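Rule-based calculations on the coordinates, nothing more; no lab input. The model shown is predicted, which means the values in this text are computed figures rather than measured ones. As a convention, Cβ positions derive from the backbone with ideal geometry for all residues, glycine included, and neighbour counts pool all protein chains shown.
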Amino acid sequence: MEIYKKSLEEALKETEEKFKSLFYNSPEALVYIDKDGNIVDINPKFTELFGYELNEIKGKNLNSGIIHPENLLYEGKKLDEITLKTGYVNVETIRKRKDGTTFPASVSSSSIIINGEVKGIIGLYIDLTERKKHEEMLRYLAMHDSLTGLPNKILLQDKFQIEKVRYDRYKNKFAVLFVDLYEFKFINDYYGHKLGDEVLKIISDMLQSNIRKSDLISRIGGDEFVILATDLTDIKNVTIIADKIITSFLEPIKVEDKEFSIGVNIGIAIYPDDGNELDDLIKKADFAMYYAKNMGKNKFSFYNEDILKGRLEELKNIRKISYKYDSIFNYSPVGMILLDNQKTIFFANNKFLNLLDLNKHEVLGKNFDEIFNENNFDIDRYQLDKFFNGEFNELNIETPYIKKSGDKIYLKINFYNFKDEQMDVNYIFLTLFDITKEKILNHSIKKEKEFLKKILDNLHSIVILEDLNGNVLMINKKGCEILGYSEDEIIGKNWIEQFTPDYYKEELKKFYFELKKGEIDKYKFHENPVKTKSGEERMILWKNSYVEDDNGNIINILSSGLDITENLQIRNKLKESEELLRKVFDVSDEIIFIKDLDGTYINANKAFSEIFDRPLNEIIGKKDDEIFTKEEAEYLREVDKKIIETKKPQTTEDRLIVNGEEIIFNATKSPIFDENGNVISICGFAKNITPLKEKEREKEELIMFLKDELYYQQSIKRISDILNSFRDLNSLFKVILDEVDRIVPSTSSNIALIEGSVLKNMAVRGYEKYGVEDFVKNFEKNINEFPLLKEVILNKKPIIINDTYKNDKWVVLKETKFIKSHMIIPIIVGDEVIGVLGLDYDKENVFSVSDMEKLTILSNTLGITIDNIRHIEKLRETSEQVILLITKLSEFRDPYTTGHQKNVAEIAVKIAQKMKLSYEQIELIRYASLLHDVGKMLLPIELLMKPAKLSSVEFEIIKEHTKIGYNLIKDIDFPYPIKEIILQHHERLDGSGYPSGLKKDEIIFEAKIVSVADVIDAMSSHRPYRPAYKMDDVIDELVKNADILYDKDVVNAFIGIYNEENSNKIN
């Protein structure tokens, strides 16, 4: 009976914790409703998401408008019906908070089945607001220019494809207008890109206002725009558009306090007369634009074959640079497809094809229903038809999908309608996400819930969960059987008022009050009667506990009980068992054991097993002499005899050897009696008080120690400051030895580190007066040849030799005969001795235990510092190797500048050192210099390796390397502002640099140093299109532009370095 109850309690406790973890501590909002939709319980996250407390909505129907918008009341009921029928539903929809606001939500519902009967539903809600915003932002960014907000090339291509289809149907031609700004480059070069960007925004608005609503304008380059003019019933229509645009540019453009007279040139190509593809038409419109530009400002021209011949002749000696960009869709981690308003798929990205295990030939040109058929997808066709009919703009569904291979995955599909001005659907955009892992997780959670429910229902004891008012929130199958009610008849009822006899109600209320206040042990047993449906009373042996929230507040009462009604007549016979059970559970955190009268252990707890490092099967059934030493066993047996003779408990302080160490126990042993008062066994409790005894001893020693510690503490603080201020070990060790001499005076001392089996001195002090400084400094000790040293390292404990001449283990060397007292302190990192601190004295009996303890604390701190400095040096070496690797990779793409970044780093560091910058600033400049041209890795290799001077267009491309470099490393968590230096190293004091045209103090100082170093190495190095400049010419350039382009102090610092180095060479 006792073992059964104990296992029952353990299973119940585990079940209670799982129930609490799964429901009340879930990170998502949960609601439990019965099969009629009435709310039974909610968790804290539900309150946080919807704003309702349980007492506001408990018992109300969930689908009565509590969390559903009025137009979705039917949906909520429908989802419950499907859940009760199929067992599980997951949809994305809209839900409503208590304050009336709505939000997109993911709703998952699982049915609760008890004994094969559906009892209710668990609903899970996830707020999708932030994800929806992010998805919408990604869609917009993928289709629009980030500066002007105009459609980009992707959206232009989509529009072009639509117009091609419309031409095939209606035969209405359309035109591609290539618009180029005249003399815009001057604004960017002279006033900077920031003002140039503002001008581009104004021009974008001007162009937009001069086209028809059916037309589309796209920015495809810096100052280049393409207009798609549709429905050209007459070619004159496009002439009107071009004239309007040119006329709008006759007035100056005002930005801030400046006015700009900007011209425009337009080239026009007609579909299908001049071509059938967008890129071909843009190219030909570009040819026509150049033809117009040759005629002068504010001109336009139509494309013809003569223009093509002229343009080709003009470009035959210009090397073309082509850039091929994959569509953003094809590299998206999200599956995407586009449908026209007839549901024909005209675009599918790689992720979509991979998800569905299809190829483009199987998808493009196919109707949506051919791909998303009922054989492969389980989709609600009713909702889908409403979406395609335009009744709502978005639809989110989840569906299984069977691949060709037979593999089953789960997909989340988002549908979006894009409508024209008449609100007719133009095209449809779908995104697909693989949610197979999420489904598997949800399934596991569902199985876990069912598993917990089965555990509760298979228990032979009653289990109930109540709120603080005594209302029943949960009861298991056994509880319903004992009370004679169904679960629905019990849930929500007050336990005391409904199921407790009248004469016991006040007593039980008092018990609950004391339990909630913590005045009664959490797991204490008690008995009280219950009233069944038939009016019969049953006596239950209860163990009550409570459930706490994250803040330690009691929120529920959890009780389990055994029906002991039939056992009342044999209660006296159970007295022995009850007393045993009570003692076992009274002191759960101490060693607990039970012995019979001959000293055999008949029971022991887990603590006994753990402390004495023996499995329970080697304790139970054994006697003391089989577990402890002979002396210990005899002592323990004498105590047992005294208990049996006196029938009184005995409290002793027992000292027992466990794994070679003495452990002190405070032990209390009590006799257990039968109904006649005879001792039948002994119950013992033992608490390990060794730590307490140790603390008492340490406290006494500490009091004595603190009396002379004031000076020592001041020294330790000073040493701590020293340890934190050094970055190299050699300098640190020398200072530490001086400080050690202040704490513990000695004639000489040293710090040595272990390398393999050899001990090498890293710093020495005081040996010069004995004439052996060089010997000690260079002497390497083989640890195995010095017994005392080996003993310190193996035992990791310090040693004091008060008379070296009388110590047999002391190794006598002629150079160190002056040493008569010696102390060795190990330097430990973690569990490893990495070196030693050695102190010598030329007199006997000098060093004390107190001296040794003081230096032990210092050596521990020193060990941590040594380890930290080594790690820092290793990290710095690794960082420099990674940066050098990146530098070599970037130089591999630009062989003409091999070694440039390393040269710039060397020059910049010398300048920084000359200017006496801090260590951190010098390291920052070193790393930034090595990475300053990393952006060139992504530039076209044709430009980097071009053996001739770059054109203005090519140079504009090269200038992008500062931004590219910045973007490459901006997310790396460097401890320095390296990315800002990379971005600014081509800025100039007068604002003429790039990419941002920064001036003077807008440029960080370190970037000014790298800028000068970059110019010095670039000018003094050979290039394919020019020879290297002489250093005198380089210096002339720097001096001439000091305080104009370059920082004067930086220039002067370099000139000083150059003069010093030349002077040294001459000398």
Distance cut-off 20 Å, percentage of C-alpha pairs in the stretch 146-315 lying past it: 50 percent
When the helices in the chain are scored as -39500 (n - 2.57) per DSSP H run of 4 or longer and the sum is shared across all residues, what 222 nm value do you end up with, to the nearest 500 deg cm²/dmol? -13500 deg cm²/dmol
Centre separation in Å (Cα based) which lies between the stretch 255-274 and the stretch 396-467: 52 Å
Please turn the phi angles of the stretch 246-256 into ³J(HN,Hα) values with the Karplus equation 6.51 cos²θ - 1.76 cosθ + 1.60 (θ = phi - 60°), one per residue in order, whole Hz, x for glycine and proline. 4, 4, 5, 8, 6, 7, x, 9, 9, 9, 6
For the stretch 461-513 the mean separation of alpha carbon contacts under 8 Å (6+ apart) over residue count, i.e. relative contact order in percent, is 28 percent
With labels modelled as points extended 7 Å from the Cα through the Cβ direction, what inter-label distance (nm, one decimal) is found for Asp205 paired with Ile240? 2.6 nm
Please list, ordered by chain and number, the residues whose modelled amide H lies under 5 Å from the amide H of Asp41; skip anything fewer than 5 residues away on the same chain. Tyr32
For the stretch 448-559, with equal point scatterers placed on the C-alpha atoms only and solvent neglected, what are the log10 I(q)/I(0) values from the Debye formula at q = 0.11, 0.22 1/Å, to two decimals? -0.34, -1.40
When only Cα pairs under 8 Å and 6 or more residues apart are kept, what is the percent relative contact order across the stretch 145-290? 33 percent
Using mean Cβ contacts within 10 Å as the protection proxy, how do 906-913, 502-509, 382-389 order, highest first? 906-913, 382-389, 502-509
Apply the Karplus curve 6.51 cos²θ - 1.76 cosθ + 1.60, θ = phi - 60°, to the phi angles in the stretch 395-411 and return the couplings in whole Hz, x for Gly and Pro. 8, 10, 9, 10, 8, x, 9, 9, 6, 4, 6, x, 5, 10, 10, 10, 10
Simple SL model, points at 7 angstrom along Cα→Cβ for Glu773 and Asp973; separation in nm is 4.7 nm
With a 10 Å radius around each residue's Cβ, average the other Cβ atoms per peptide and rank 916-929, 359-372, highest first. 916-929, 359-372
Can you give the FRET efficiency for Glu1002 and Asp231, using 1/(1 + (r/R0)^6), R0 = 51 Å, r = Cβ-Cβ distance, to the nearest 0.05? 0.55
About the Cα centre of the chain, what is the dipole size in debye to 20, counting +1 per Lys and Arg Cβ and -1 per Asp and Glu Cβ, all else neutral? 1640 debye
Most exposed first, judged by fewest Cβ atoms within 10 angstrom, Asp674, Asp624 run Asp674, Asp624
Per-residue HN-Hα couplings for the stretch 113-130 [Karplus 6.51, -1.76, 1.60; θ = phi - 60°; Hz; x = Gly/Pro]: 10, 10, 6, x, 10, 6, 9, x, 9, 9, x, 10, 10, 10, 6, 9, 4, 5
For the residues Glu675, Glu92, what sequence is obtained by ranking on other C-beta atoms within 10 Å, fewest first? Glu675, Glu92
Would you work out which of Pro947, Ile751, Val658 lies farthest towards the positive end of the dipole of the chain? Charges go on Cβ: Lys and Arg +1, Asp and Glu -1. Pro947
Arranged by the count of other C-beta atoms within 10 angstrom, fewest first, what order do Cys683, Cys480 take? Cys480, Cys683
Would you mind checking which residues have amide H under 5 Å from Asn471's amide H? H placed 1.01 Å from N; only 5 or more apart, or other chain. Trp495
Based on the inverse mean of 1/r over its pairs of different Cα atoms, what is the Kirkwood hydrodynamic radius of the stretch 893-1066, in Å? 16.5 Å
Contact order normalised by length for the chain, with contacts defined as Cα pairs under 8 Å and 6 or more residues apart; what percent is it? 4 percent
Going by Cα centres, the stretch 736-784 and the stretch 115-151 are how many Å apart? 68 Å
